[in-house]
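Where a number appears in this text, it was derived from the coordinates with a stated rule and is not lab data. Please read all numbers here as calculations on a predicted model, not as lab measurements.
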Amino acid sequence: MPPKHGRHSLHQPPTTDVATAPANDRAMGRRAWLLGSLPLVAGIPIVQAVTGCSKPPPNCMDGATLSAEELEQRAKIGYTERAPKADLTCVRCAQYVPAQAGDCGTCRVMPGPTNPQGYCKLFQPNAS
């Protein structure tokens, strides 16, 4: 039995040749693809914020700018880059002097840069 709809049979879907398809159909395909990918592109900053991929934490243990005596003093008071508990971080200490967001601050009792998430044995909670 010959096909009833032009050159296509009822059992085979028509094939679209990109070279012979009207330009308007191809433009709509690109437009639909671009519009469909917008939610994916818009979600990238959200994923970065949730996973913390924006900026790595500062490294405030750089010994290149400190003397051997200063490094020894930091070791004596048990300074570490990460506090053992969230409520014991340098940023919550009365001795901490903050810097710009994401940078190392300073400390009134310890020489050198101080990580806001760091800790030492001289921790004194903020009054506020």
Tally of residues being in a loop (DSSP other than H, G, I, E, B) and of a type in the set (Phe, Trp, Tyr) across segment 67-123: 2
The correct count of residues that are among the β-branched types (Val, Ile, Thr) and on the phi > 0 side of the Ramachandran plot in segment 67-121 is 0
